[in-house]
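Read the figures in this text as sums done on the coordinates, not as results from a lab. Everything numeric here is computed off the predicted structure, so don't read it as measured data. All Cβ positions, even for glycine, are placed from backbone atoms using ideal geometry, and neighbour counts span all protein chains on display.
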Amino acid sequence: MQDDTVKADIAWRFQEEVTRNLADKLALAADKYFPKTIGIVGGVSANTRLREEVASHPDLFDQMLRVPKTFAYCTDNAAMIGVVGLLMNTE
């Protein structure tokens, strides 16, 4: 049981660091390049913690941030990219 707790704690800490880092870098990029719109798309846009962390920078993202409203539109295209790579490698 404790092993599962340790694994869960490591996973949680990893997610916290990654999402905080992504949100901070996104804020720096927005401050430097002044984009009209920022979109978080693909599989990563389904990460609720990332959405929360980005929302913690409301001064930067209130008007420009776009994320899918439902998780149905948060698909990951890794399988498609893998198939294309396989096809390109066999030709």
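I need the phi-derived Karplus couplings for segment 63-72: 6.51 cos²θ - 1.76 cosθ + 1.60, θ = phi - 60°, integer Hz, Gly and Pro marked x.
9, 9, 7, 10, 9, x, 6, 10, 6, 4
At a threshold of 8 angstrom on Cα-Cα distance, excluding pairs fewer than six apart, so keeping six or more, what relative contact order does the chain reach in percent?
On the way: 55 pairs, mean separation 27.2, N = 91.
Relative contact order of the chain: 30 percent.
Given points 7 Å out from each Cα along the Cα-Cβ axis, report the residue 64 to residue 37 separation in nanometres with one decimal.
The modelled label-to-label distance comes out at 1.4 nm.
Springs between alpha-carbon atoms under 10 Å, Gaussian network over the chain: tell me which of 59, 76, 24 tops the mean-square fluctuations.
Answer for the Gaussian network model of the chain: 59.
Given the options 21, 77, 47, which has the most mean-square fluctuation in a GNM of the chain, springs set between C-alpha atoms less than 10 angstrom apart?
Among 21, 77, 47, the largest mean-square fluctuation in the Gaussian network model of the chain belongs to 77.
In debye, nearest 20, what is the charge dipole magnitude of the chain about its Cα centre with +1 on Lys and Arg Cβ and -1 on Asp and Glu Cβ, if you could check?
Its charge dipole is roughly 340 debye.
Return the long-range amide H neighbours of residue 65 (sequence gap of 5 or more, or a different chain), with a cut-off of under 5 Å between placed amide H atoms.
38
Need the list of lysines near residue 36 for cross-linking: C-alpha distance under 18 angstrom, and skip anything on the same chain fewer than eight residues off.
Leaving aside lysines fewer than 8 places away in the same chain, those within reach of residue 36 are 25.
Starting from the chain, pick out the trypsin sites (Lys or Arg not before Pro) whose DSSP state is loop and whose Cβ has at most 14 other Cβ atoms within 10 Å.
Here the sparse-neighbourhood loop sites are 36, 69.
Looking at (1) 2.51; (2) 1.64; (3) 1.38, which value of Cα Rg over 2.2 N^0.38 Å comes from a calculation on the structure shown?
(3)
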